[in-house]
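A.B. asks: Structure incoming, see below.
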Amino acid sequence: MEAATDTIMDEESPRARLALLLEHFSKLDDGREPWRVMYPLKEVLLLVVCATIASCDDFDDMVAWGKHHLAFLRRFSEFHHGIPCERWLRALVNRVDPILFGCCFNSWITALWPGRHEIIAIDGKTSRRTHDQRKGLKALHTLSAYASKARLVLAQLSVPDKTNEITAIPDLLDQLAETKQLEDALVSIDAMGCQVAIADKIVAHKADYLLALKGNQSTLEADVEDYFADAPATELVTASSVEKGHGRIETRFYAASSDVDWIVSARHYPGEPRFKTIKSLLKVHARAEYRDRCSFETRYYISSAPLDIERLARGARGHWSVESMHWLLDIEFKDDLSRYRTGHGAKNMAVVRRFALGLVRANKAKGSVKTRRKSASWDPDFLLQILQLK
(Lines give C-alpha, C1' and ligand atoms only; values in the text may rest on other atoms or scores of the structure.)
Protein backbone atom coordinates (compact mmCIF):
# COMPACT_ATOMS: atom_id res chain seq x y z
CA MET A 1 0.00 0.00 0.00
CA GLU A 2 2.81 2.45 0.91
CA ALA A 3 4.65 1.74 -2.34
CA ALA A 4 1.47 2.34 -4.32
CA THR A 5 0.90 5.58 -2.45
CA ASP A 6 4.43 6.80 -3.15
CA THR A 7 4.00 6.03 -6.85
CA ILE A 8 0.72 7.91 -6.98
CA MET A 9 2.04 10.91 -5.10
CA ASP A 10 4.97 11.19 -7.51
CA GLU A 11 2.44 12.08 -10.19
CA GLU A 12 0.69 15.44 -10.26
CA SER A 13 -2.38 14.67 -12.37
CA PRO A 14 -5.94 14.86 -11.04
CA ARG A 15 -6.27 11.19 -11.93
CA ALA A 16 -3.36 10.32 -9.63
CA ARG A 17 -4.84 12.22 -6.71
CA LEU A 18 -8.26 10.62 -7.09
CA ALA A 19 -6.59 7.25 -7.56
CA LEU A 20 -5.05 7.77 -4.13
CA LEU A 21 -8.49 8.38 -2.65
CA LEU A 22 -9.77 5.19 -4.32
CA GLU A 23 -6.79 3.33 -2.82
CA HIS A 24 -7.95 4.41 0.63
CA PHE A 25 -11.55 3.44 -0.15
CA SER A 26 -10.37 -0.02 -1.18
CA LYS A 27 -9.39 -0.70 2.46
CA LEU A 28 -13.05 -0.75 3.47
CA ASP A 29 -14.65 -4.15 3.94
CA ASP A 30 -17.53 -4.50 1.48
CA GLY A 31 -19.06 -7.58 3.08
CA ARG A 32 -20.78 -8.64 -0.15
CA GLU A 33 -19.98 -11.73 -2.17
CA PRO A 34 -17.61 -10.53 -4.94
CA TRP A 35 -19.43 -12.33 -7.74
CA ARG A 36 -22.66 -10.51 -6.85
CA VAL A 37 -21.20 -7.00 -6.73
CA MET A 38 -22.53 -4.78 -9.51
CA TYR A 39 -21.58 -1.50 -7.89
CA PRO A 40 -18.15 -1.66 -6.19
CA LEU A 41 -18.01 0.23 -2.92
CA LYS A 42 -15.12 2.46 -3.97
CA GLU A 43 -17.12 3.63 -7.02
CA VAL A 44 -20.18 4.38 -4.89
CA LEU A 45 -18.09 6.38 -2.42
CA LEU A 46 -16.38 8.30 -5.22
CA LEU A 47 -19.83 9.21 -6.56
CA VAL A 48 -21.00 10.37 -3.12
CA VAL A 49 -17.93 12.53 -2.56
CA CYS A 50 -17.96 14.18 -5.98
CA ALA A 51 -21.73 14.75 -5.92
CA THR A 52 -21.63 16.26 -2.43
CA ILE A 53 -18.97 18.73 -3.51
CA ALA A 54 -21.11 19.44 -6.59
CA SER A 55 -24.05 20.78 -4.56
CA CYS A 56 -26.00 17.51 -4.10
CA ASP A 57 -27.44 17.23 -0.59
CA ASP A 58 -29.48 14.01 -0.81
CA PHE A 59 -29.21 10.62 -2.53
CA ASP A 60 -31.73 11.45 -5.28
CA ASP A 61 -29.62 14.42 -6.34
CA MET A 62 -26.46 12.30 -6.24
CA VAL A 63 -27.95 9.67 -8.54
CA ALA A 64 -29.14 12.32 -11.01
CA TRP A 65 -25.74 14.07 -10.97
CA GLY A 66 -23.93 10.75 -11.47
CA LYS A 67 -26.04 9.84 -14.50
CA HIS A 68 -25.33 13.21 -16.12
CA HIS A 69 -21.59 12.98 -15.36
CA LEU A 70 -20.98 9.28 -15.91
CA ALA A 71 -18.32 9.97 -18.53
CA PHE A 72 -16.45 12.11 -16.00
CA LEU A 73 -16.60 9.39 -13.33
CA ARG A 74 -15.39 6.74 -15.79
CA ARG A 75 -12.13 8.64 -16.14
CA PHE A 76 -11.24 7.31 -12.67
CA SER A 77 -13.04 3.96 -12.41
CA GLU A 78 -14.96 1.58 -14.67
CA PHE A 79 -18.56 2.11 -13.48
CA HIS A 80 -19.35 -0.94 -15.64
CA HIS A 81 -23.02 -1.04 -14.59
CA GLY A 82 -23.44 2.72 -14.43
CA ILE A 83 -24.97 4.51 -11.45
CA PRO A 84 -26.99 2.65 -8.79
CA CYS A 85 -30.52 3.75 -7.96
CA GLU A 86 -31.28 5.84 -4.89
CA ARG A 87 -32.31 2.79 -2.83
CA TRP A 88 -29.05 0.95 -3.53
CA LEU A 89 -26.99 4.05 -2.89
CA ARG A 90 -28.63 4.61 0.48
CA ALA A 91 -28.24 0.94 1.47
CA LEU A 92 -24.53 0.89 0.63
CA VAL A 93 -23.75 4.13 2.47
CA ASN A 94 -25.70 2.86 5.51
CA ARG A 95 -23.55 -0.27 5.81
CA VAL A 96 -20.07 1.29 5.64
CA ASP A 97 -18.14 1.37 8.94
CA PRO A 98 -18.07 5.12 9.82
CA ILE A 99 -14.78 4.89 11.75
CA LEU A 100 -12.90 3.31 8.83
CA PHE A 101 -14.71 5.61 6.43
CA GLY A 102 -13.49 8.67 8.34
CA CYS A 103 -9.95 7.27 8.45
CA CYS A 104 -9.93 7.05 4.64
CA PHE A 105 -10.49 10.79 4.35
CA ASN A 106 -8.12 11.61 7.18
CA SER A 107 -5.35 9.60 5.51
CA TRP A 108 -5.98 11.32 2.19
CA ILE A 109 -5.84 14.76 3.80
CA THR A 110 -2.62 13.81 5.61
CA ALA A 111 -1.02 12.63 2.35
CA LEU A 112 -1.98 15.74 0.37
CA TRP A 113 -1.57 18.24 3.21
CA PRO A 114 1.52 17.06 5.08
CA GLY A 115 3.11 18.89 7.96
CA ARG A 116 1.93 20.06 11.34
CA HIS A 117 -0.72 22.66 12.02
CA GLU A 118 -0.24 25.69 14.24
CA ILE A 119 -3.75 25.82 15.72
CA ILE A 120 -6.24 22.95 16.00
CA ALA A 121 -9.74 23.73 17.28
CA ILE A 122 -11.85 20.91 18.71
CA ASP A 123 -15.60 21.34 18.90
CA GLY A 124 -18.80 19.38 18.41
CA LYS A 125 -21.96 19.88 16.34
CA THR A 126 -25.39 18.25 16.53
CA SER A 127 -27.33 17.29 13.36
CA ARG A 128 -30.71 18.10 14.86
CA ARG A 129 -33.06 16.29 12.47
CA THR A 130 -31.32 12.92 12.83
CA HIS A 131 -33.17 12.09 16.06
CA ASP A 132 -36.17 9.75 16.17
CA GLN A 133 -38.24 10.03 19.34
CA ARG A 134 -40.43 7.07 18.43
CA LYS A 135 -37.40 4.76 18.28
CA GLY A 136 -35.56 6.48 21.13
CA LEU A 137 -32.79 7.58 18.75
CA LYS A 138 -30.85 10.68 19.81
CA ALA A 139 -29.61 13.25 17.32
CA LEU A 140 -26.13 12.61 15.92
CA HIS A 141 -23.38 14.69 17.54
CA THR A 142 -20.07 14.91 15.66
CA LEU A 143 -16.81 16.00 17.27
CA SER A 144 -14.32 17.57 14.87
CA ALA A 145 -10.64 18.51 15.02
CA TYR A 146 -10.27 21.53 12.74
CA ALA A 147 -7.05 23.08 11.42
CA SER A 148 -7.89 26.78 11.66
CA LYS A 149 -5.33 28.08 9.16
CA ALA A 150 -5.77 25.35 6.54
CA ARG A 151 -9.57 25.29 7.19
CA LEU A 152 -9.68 21.50 7.02
CA VAL A 153 -11.23 18.88 9.29
CA LEU A 154 -8.30 16.65 10.26
CA ALA A 155 -10.28 14.02 12.18
CA GLN A 156 -13.77 13.48 13.57
CA LEU A 157 -15.76 11.15 15.80
CA SER A 158 -19.50 10.62 16.19
CA VAL A 159 -20.85 10.47 19.74
CA PRO A 160 -24.40 9.79 21.02
CA ASP A 161 -24.87 13.33 22.39
CA LYS A 162 -23.00 16.45 23.49
CA THR A 163 -22.47 15.18 27.04
CA ASN A 164 -20.19 12.41 25.72
CA GLU A 165 -17.68 14.88 24.24
CA ILE A 166 -15.52 14.62 27.36
CA THR A 167 -14.89 10.90 26.84
CA ALA A 168 -14.50 11.22 23.06
CA ILE A 169 -11.94 14.06 22.98
CA PRO A 170 -9.03 11.85 24.19
CA ASP A 171 -9.76 9.36 21.38
CA LEU A 172 -9.77 12.19 18.86
CA LEU A 173 -6.44 13.44 20.20
CA ASP A 174 -4.98 9.94 19.82
CA GLN A 175 -6.09 9.91 16.17
CA LEU A 176 -4.32 13.20 15.52
CA ALA A 177 -1.17 12.00 17.27
CA GLU A 178 -1.16 8.78 15.27
CA THR A 179 -1.12 10.77 12.00
CA LYS A 180 1.61 13.07 13.42
CA GLN A 181 -0.54 16.21 13.20
CA LEU A 182 -0.70 17.09 16.87
CA GLU A 183 2.89 17.73 17.95
CA ASP A 184 3.75 21.43 18.52
CA ALA A 185 0.15 22.51 17.82
CA LEU A 186 -1.93 24.78 20.05
CA VAL A 187 -5.18 22.89 20.72
CA SER A 188 -8.18 25.05 21.61
CA ILE A 189 -11.27 23.55 23.25
CA ASP A 190 -14.34 25.20 24.75
CA ALA A 191 -15.30 24.98 28.41
CA MET A 192 -16.69 21.44 28.21
CA GLY A 193 -13.22 20.15 27.34
CA CYS A 194 -11.55 21.98 30.23
CA GLN A 195 -10.70 18.75 32.07
CA VAL A 196 -7.47 17.70 33.76
CA ALA A 197 -7.29 14.39 31.88
CA ILE A 198 -7.74 16.12 28.52
CA ALA A 199 -5.09 18.74 29.34
CA ASP A 200 -2.64 16.02 30.40
CA LYS A 201 -3.34 14.03 27.23
CA ILE A 202 -2.54 17.05 25.03
CA VAL A 203 0.72 17.73 26.84
CA ALA A 204 1.65 14.03 26.68
CA HIS A 205 1.37 14.24 22.88
CA LYS A 206 3.87 17.16 22.89
CA ALA A 207 1.28 19.82 22.09
CA ASP A 208 -0.09 22.77 24.06
CA TYR A 209 -3.66 23.44 25.12
CA LEU A 210 -5.77 26.59 25.27
CA LEU A 211 -8.85 25.77 27.35
CA ALA A 212 -11.77 28.10 27.95
CA LEU A 213 -12.96 28.62 31.52
CA LYS A 214 -16.70 28.78 32.02
CA GLY A 215 -19.06 26.99 34.34
CA ASN A 216 -17.55 23.55 34.76
CA GLN A 217 -14.38 24.98 36.38
CA SER A 218 -16.18 27.68 38.31
CA THR A 219 -13.64 28.00 41.14
CA LEU A 220 -10.68 28.31 38.78
CA GLU A 221 -12.62 30.71 36.55
CA ALA A 222 -13.42 32.96 39.51
CA ASP A 223 -9.79 32.89 40.66
CA VAL A 224 -8.48 33.82 37.20
CA GLU A 225 -11.07 36.58 36.87
CA ASP A 226 -10.05 37.99 40.26
CA TYR A 227 -6.38 37.82 39.27
CA PHE A 228 -6.88 39.89 36.10
CA ALA A 229 -9.00 42.38 38.02
CA ASP A 230 -6.11 43.17 40.40
CA ALA A 231 -2.98 42.18 38.43
CA PRO A 232 -0.29 44.87 38.23
CA ALA A 233 0.48 46.13 34.74
CA THR A 234 4.06 44.84 34.99
CA GLU A 235 2.80 41.24 35.03
CA LEU A 236 0.62 41.59 31.93
CA VAL A 237 1.33 41.55 28.21
CA THR A 238 -1.40 43.10 26.09
CA ALA A 239 -2.48 43.24 22.45
CA SER A 240 -5.56 44.19 20.43
CA SER A 241 -7.13 43.53 17.05
CA VAL A 242 -9.88 45.13 14.96
CA GLU A 243 -11.94 43.36 12.28
CA LYS A 244 -14.61 44.80 10.03
CA GLY A 245 -17.23 42.84 8.11
CA HIS A 246 -20.67 41.26 8.18
CA GLY A 247 -22.22 44.55 9.29
CA ARG A 248 -20.12 45.01 12.43
CA ILE A 249 -16.80 46.21 13.77
CA GLU A 250 -15.29 43.78 16.26
CA THR A 251 -12.50 44.87 18.60
CA ARG A 252 -10.68 42.41 20.83
CA PHE A 253 -8.42 43.31 23.74
CA TYR A 254 -6.05 40.60 24.93
CA ALA A 255 -4.19 40.41 28.24
CA ALA A 256 -1.90 37.49 29.17
CA SER A 257 0.27 36.61 32.13
CA SER A 258 2.78 33.93 33.07
CA ASP A 259 2.28 34.46 36.81
CA VAL A 260 0.64 31.10 37.57
CA ASP A 261 2.47 29.93 40.69
CA TRP A 262 -0.49 30.89 42.87
CA ILE A 263 -2.75 28.36 41.10
CA VAL A 264 -1.00 25.33 42.61
CA SER A 265 -0.60 25.55 46.38
CA ALA A 266 -0.37 23.30 49.43
CA ARG A 267 -3.83 24.42 50.54
CA HIS A 268 -6.61 21.92 49.82
CA TYR A 269 -10.26 22.93 49.50
CA PRO A 270 -13.42 21.92 47.57
CA GLY A 271 -13.06 22.80 43.90
CA GLU A 272 -9.27 23.04 44.16
CA PRO A 273 -7.62 23.36 40.71
CA ARG A 274 -5.80 20.18 39.73
CA PHE A 275 -4.13 21.40 36.55
CA LYS A 276 -0.36 20.96 36.91
CA THR A 277 0.82 22.17 33.48
CA ILE A 278 -0.56 25.71 33.30
CA LYS A 279 2.08 28.17 32.10
CA SER A 280 0.01 31.17 31.04
CA LEU A 281 -3.39 32.82 31.49
CA LEU A 282 -5.35 34.74 28.89
CA LYS A 283 -8.18 37.25 29.10
CA VAL A 284 -10.11 38.29 25.97
CA HIS A 285 -12.53 41.21 26.04
CA ALA A 286 -14.51 41.46 22.80
CA ARG A 287 -16.64 44.43 21.73
CA ALA A 288 -18.88 44.15 18.67
CA GLU A 289 -20.33 47.38 17.25
CA TYR A 290 -23.44 47.16 15.06
CA ARG A 291 -25.38 49.98 13.46
CA ASP A 292 -27.92 50.13 16.28
CA ARG A 293 -26.21 48.49 19.27
CA CYS A 294 -23.04 47.17 20.86
CA SER A 295 -22.34 43.86 22.58
CA PHE A 296 -19.57 42.93 25.01
CA GLU A 297 -18.10 39.60 26.09
CA THR A 298 -15.17 38.64 28.32
CA ARG A 299 -13.61 35.17 28.25
CA TYR A 300 -10.80 33.59 30.26
CA TYR A 301 -8.42 30.79 29.26
CA ILE A 302 -5.67 28.63 30.72
CA SER A 303 -2.80 27.37 28.57
CA SER A 304 0.22 25.11 28.80
CA ALA A 305 2.01 27.24 26.20
CA PRO A 306 4.74 29.67 27.32
CA LEU A 307 3.64 33.28 27.34
CA ASP A 308 3.32 34.47 23.72
CA ILE A 309 0.48 36.96 23.40
CA GLU A 310 0.33 36.73 19.60
CA ARG A 311 0.12 32.93 19.57
CA LEU A 312 -2.47 32.83 22.36
CA ALA A 313 -4.53 35.50 20.60
CA ARG A 314 -4.46 33.53 17.35
CA GLY A 315 -5.57 30.44 19.24
CA ALA A 316 -8.52 32.20 20.88
CA ARG A 317 -9.50 33.84 17.60
CA GLY A 318 -8.91 30.63 15.63
CA HIS A 319 -11.44 28.70 17.68
CA TRP A 320 -14.15 30.82 16.09
CA SER A 321 -13.30 29.25 12.72
CA VAL A 322 -14.64 25.84 13.73
CA GLU A 323 -17.92 27.50 14.71
CA SER A 324 -17.93 29.20 11.32
CA MET A 325 -17.46 25.78 9.72
CA HIS A 326 -20.49 24.46 11.61
CA TRP A 327 -22.55 27.42 10.40
CA LEU A 328 -21.58 26.71 6.79
CA LEU A 329 -22.53 23.05 7.20
CA ASP A 330 -26.03 24.14 8.20
CA ILE A 331 -26.47 26.89 5.63
CA GLU A 332 -24.73 25.44 2.57
CA PHE A 333 -24.87 21.66 3.16
CA LYS A 334 -28.25 21.50 5.01
CA ASP A 335 -26.66 19.46 7.80
CA ASP A 336 -29.35 20.39 10.34
CA LEU A 337 -32.08 19.36 7.89
CA SER A 338 -30.60 15.92 7.20
CA ARG A 339 -33.00 13.15 8.23
CA TYR A 340 -30.72 10.12 7.75
CA ARG A 341 -31.62 7.84 10.66
CA THR A 342 -30.96 4.25 9.64
CA GLY A 343 -27.69 2.32 9.72
CA HIS A 344 -24.51 4.36 9.53
CA GLY A 345 -25.87 6.80 6.93
CA ALA A 346 -26.00 9.86 9.21
CA LYS A 347 -22.45 9.34 10.49
CA ASN A 348 -20.98 8.68 7.05
CA MET A 349 -22.67 11.65 5.42
CA ALA A 350 -21.46 13.87 8.29
CA VAL A 351 -17.93 12.75 7.39
CA VAL A 352 -18.48 13.48 3.69
CA ARG A 353 -19.96 16.95 4.30
CA ARG A 354 -17.03 18.09 6.45
CA PHE A 355 -14.53 16.68 3.98
CA ALA A 356 -16.31 18.33 1.03
CA LEU A 357 -16.56 21.69 2.81
CA GLY A 358 -12.84 21.59 3.57
CA LEU A 359 -11.95 20.98 -0.06
CA VAL A 360 -14.33 23.67 -1.34
CA ARG A 361 -12.97 26.27 1.10
CA ALA A 362 -9.36 25.31 0.30
CA ASN A 363 -9.95 26.23 -3.33
CA LYS A 364 -8.89 29.83 -4.02
CA ALA A 365 -11.48 30.60 -6.69
CA LYS A 366 -13.62 33.69 -6.26
CA GLY A 367 -17.15 33.37 -4.95
CA SER A 368 -18.95 31.93 -1.95
CA VAL A 369 -19.02 28.27 -0.92
CA LYS A 370 -22.45 28.01 -2.55
CA THR A 371 -21.16 29.47 -5.83
CA ARG A 372 -18.12 27.17 -5.90
CA ARG A 373 -20.29 24.11 -5.27
CA LYS A 374 -22.62 25.14 -8.10
CA SER A 375 -19.64 25.73 -10.39
CA ALA A 376 -18.33 22.25 -9.56
CA SER A 377 -21.69 20.75 -10.50
CA TRP A 378 -21.65 22.47 -13.88
CA ASP A 379 -17.96 22.25 -14.76
CA PRO A 380 -16.10 18.93 -14.20
CA ASP A 381 -12.76 20.68 -14.70
CA PHE A 382 -13.52 22.97 -11.75
CA LEU A 383 -14.49 19.91 -9.70
CA LEU A 384 -11.05 18.51 -10.49
CA GLN A 385 -9.45 21.72 -9.24
CA ILE A 386 -11.25 21.31 -5.92
CA LEU A 387 -10.23 17.66 -5.62
CA GLN A 388 -6.60 18.45 -6.40
CA LEU A 389 -6.30 20.68 -3.32
CA LYS A 390 -4.03 23.09 -5.18
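A.B. asks: Summing -39500 (n - 2.57) over the DSSP H runs of n ≥ 4 in the chain and dividing by its residue number, what mean residue ellipticity at 222 nm do you reach, to the nearest 500 deg cm²/dmol?
C.D. replies: Computed mean residue ellipticity for the chain: -13500 deg cm²/dmol.
A.B. asks: Something else about it: Cut-off 10 angstrom, C-alpha nodes, Gaussian network model of the chain. Which of Val187, Val37, Val63 fluctuates the most?
C.D. replies: Val37
A.B. asks: Let me ask something additional. Starting from the 7 Å offset along Cα-to-Cβ, what nm value, one decimal, do you get for the label separation of Ala233 and Lys364?
C.D. replies: Using points 7 Å along Cα→Cβ, the separation is 4.4 nm.
A.B. asks: Okay, next question. What is the gain in length, in nm to one decimal, between Trp113 and His68 on full extension, counting 0.36 nm per residue of separation less the C-alpha to C-alpha distance?
C.D. replies: Extra length from Trp113 to His68 when fully extended: 13.1 nm.
A.B. asks: Suppose accessible area is computed on protein heavy atoms with a 1.4 Å probe; arrange His344, His326, His68 from highest to lowest.
C.D. replies: Of His344, His326, His68, the descending order of accessible area is His68, His344, His326.
A.B. asks: For Lys206 and Phe253, what is the calculated FRET efficiency with R₀ set at 35 Å and r taken between the beta-carbons, to the nearest 0.05? Mind showing how you got there, number by number?
C.D. replies: Numbers: r = 31 Å, r/R0 = 0.89.
Calculated transfer efficiency: 0.65.
A.B. asks: Could you give the size of the charge dipole of the chain about its Cα centre, using +1 on the Cβ of each K and R and -1 on the Cβ of each D and E, expressed in debye and rounded to the nearest 20?
C.D. replies: The dipole magnitude comes to about 1360 debye.
A.B. asks: Enumerate the lysines that Lys201 could reach by cross-link, defined here as Cα to Cα under 29 Å, with residues fewer than 8 away along the same chain left out.
C.D. replies: List returned: Lys125, Lys138, Lys149, Lys162, Lys180, Lys214, Lys276, Lys279, Lys283, Lys347.
A.B. asks: Follow-up. Could you check the simple spin-label distance between Thr179 and Lys149, using points 7 Å along Cα→Cβ, in nm with one decimal?
C.D. replies: 1.8 nm
A.B. asks: Helix 98-112 versus the longest principal axis of the chain: what angle, 0 to 90°, nearest 10, using Cα atoms?
C.D. replies: 80 degrees
A.B. asks: Only Cα pairs under 8 Å and at least 6 apart count here; give the relative contact order of region 181-316 as a rounded whole percent.
C.D. replies: Working: 246 pairs, mean separation 36.4, N = 136.
RCO, region 181-316: 27 percent.
A.B. asks: I would also like to ask the following. Once a ≥ b ≥ c are taken as the square roots of the eigenvalues of the Cα gyration tensor of region 177-269, is the result rounded (a/c under 1.5), prolate (a/b larger than b/c) or oblate (a/b not larger than b/c)?
C.D. replies: Values: a/c = 1.75, a/b = 1.07, b/c = 1.63.
Since a/c reaches 1.5 but b/c is at least a/b, the shape of region 177-269 is classed as oblate.
A.B. asks: I want to verify a result. In a Gaussian network model of the chain, Cα cutoff 10 Å, which of these has the top mean-square fluctuation: Val48, Val352, Val242?
C.D. replies: So, out of Val48, Val352, Val242, the one fluctuating most is Val242.
A.B. asks: Working out 0.36 nm times the residue gap between Trp88 and Trp262, then minus their Cα-Cα distance, what length gain in nm do you get to one decimal?
C.D. replies: 56.4 nm
A.B. asks: Taking R0 as 22 Å, what FRET efficiency do you get between Asn216 and His285 from their Cβ-Cβ distance, rounded to the nearest 0.05? Present the calculation step by step, with values, prior to reporting the outcome.
C.D. replies: Numbers: r = 22 Å, r/R0 = 0.98.
The value I calculate is 0.50.
A.B. asks: How far is helix 218-230 tilted, in degrees, relative to the longest principal axis of the Cα atoms in the chain, given as a value from 0 to 90 rounded to the nearest 10?
C.D. replies: Approximately 50 degrees, to the nearest ten.
A.B. asks: Right, next: In square angstrom, what is the accessible area per residue of the chain with a 1.4 angstrom probe?
C.D. replies: Counting only protein heavy atoms, the per-residue value for the chain is 48 Å².
A.B. asks: Another question, then. By how many degrees, 0 to 90 and rounded to 10, does the Cα axis of helix 14-25 deviate from the longest principal axis of the chain?
C.D. replies: Approximately 80 degrees, to the nearest ten.
The values are calculated or read from the model by the stated rules, or taken from the named source; none is laboratory data. In this text, all values refer to a predicted model and were calculated from it rather than measured experimentally. No Cβ is skipped: glycine too gets one built from the backbone with ideal geometry, and neighbour counts run over all protein chains shown. For the accessible areas, the whole protein counts, side chains as well, though only heavy atoms, and no ligand, DNA or RNA atoms are used. Shrake-Rupley method; radii C 1.70, N 1.55, O 1.52, S 1.80 Å.
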